[in-house]
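A short worksheet on the structure shown next.
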Amino acid sequence: VQTCALPISPSPSPPPPSPSPPLCTLTNTRGCQQGDVVLYSPTQTGSNIKGLLLVWHNNNWGTVCDDVTDCDDPVGGGTANCNNGYVNVAGGKNLAAVACRALGYTGGDEYNANGASSGYPVVVDGTENHITGCAGTEARLSECLWLHFDHHNCGHEEDVGVTCVGTSI
């Protein structure tokens, strides 16, 4: 008995899935979870994006106070070398890294912002007045152990902005 093998043609690959829309945006909050972030009034330059940092808390957006970014202490919860005038030191870099990672970027920097005109309240401060709010390894702001949601001693002149850099993940 002789058998004959027919060549098998590969089945065509299915088309790649369409990109799904973000689950949580400034205007579509249906899929938002505690600690999600967006940038208010962002500006984009190449692959970098910059804007006032907003965080989702108790079914609303709010700003982040710079008391969690003004310590030049890289350890999450650290309180060494803090100064109201410090911007984008270790504490700010840690928080920016977490926020930008959550937005799909590989890195980021912190800057002083004023969110008064955004209409959103300040909702995040530190567990202490000046503290490194994030270790920098967290996936989202709600995982930063030294952030305190709801209570603050900040005005909008202390709001945090971030510049997310690198390519989108």
Quick one: count up the residues across the stretch 132-169 that are surrounded by fewer than 24 Cβ atoms within 10 Å (Cβ to Cβ), of a type outside the set (D, E, K, R) and assigned to a loop (DSSP other than H, G, I, E, B). 12
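Being within 17 Å of the chain's Cα centre (by Cα) and more than 16 Å from GLY76 (Cα to Cα) narrows it down to one of GLY126, GLY133, GLY155, GLY115, so name that one. It would help to see each step written out before you state the result.
Numbers: GLY126 fails: more than 16 Å from GLY76 (Cα to Cα); GLY133 fails: more than 16 Å from GLY76 (Cα to Cα); GLY155 fails: within 17 Å of the chain's Cα centre (by Cα).
The match here is GLY115.
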Looking at CYS71, is it closer than 24 Å to THR106 by Cβ, of a type outside the set (S, T, N, Q), open to solvent by less than 50 Å² (accessible area, probe 1.4 Å) and touching a strand residue (DSSP E or B) at 6+ places or on another chain (Cβ under 8 Å)? yes
Does the stretch 77-99 contain at least one residue that is in contact (Cβ under 8 Å) with a residue 24 or more places away in the chain and at positive phi? yes
Hey, GLY31 hits all of (1) assigned to a strand (DSSP E or B); (2) touching a Pro at 6+ places or on another chain (Cβ under 9 Å); (3) free of Cβ contacts under 8 Å to residues at least 24 places away in the same chain but one; which does it fall short on? (1)
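Kindly indicate which of VAL64, VAL55, VAL98, VAL89 is touching a Lys or Arg at 6+ places or on another chain (Cβ under 8 Å) and at pLDDT 95 or above. Don't jump to the end; show me each part of the working.
Working: VAL64 fails: touching a Lys or Arg at 6+ places or on another chain (Cβ under 8 Å); VAL55 fails: touching a Lys or Arg at 6+ places or on another chain (Cβ under 8 Å); VAL89 fails: touching a Lys or Arg at 6+ places or on another chain (Cβ under 8 Å).
The match here is VAL98.
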Please find, among TYR120, TYR105, the residue that is surrounded by fewer than 20 Cβ atoms within 10 Å (Cβ to Cβ), among the aromatic types (Phe, Trp, Tyr), in contact (Cβ under 8 Å) with a residue 24 or more places away in the chain and under 30 Å from GLY46 (Cα atoms). TYR120
Conditions (1) closer than 15 Å to ALA97 by Cα; (2) modelled with pLDDT of 95 or more; number of the one not met by ALA80: (1)
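The values are calculated or read from the model by the stated rules, or taken from the named source; none is laboratory data. Fair warning: this is a prediction, and the values are worked out from it, not measured in the lab. For neighbour counting, all protein chains shown are included, and Cβ atoms are generated from backbone atoms with ideal geometry for every residue, glycine included. Side chains included, ligands, DNA and RNA excluded: accessible areas come from the protein's heavy atoms. Shrake-Rupley method; radii C 1.70, N 1.55, O 1.52, S 1.80 Å.
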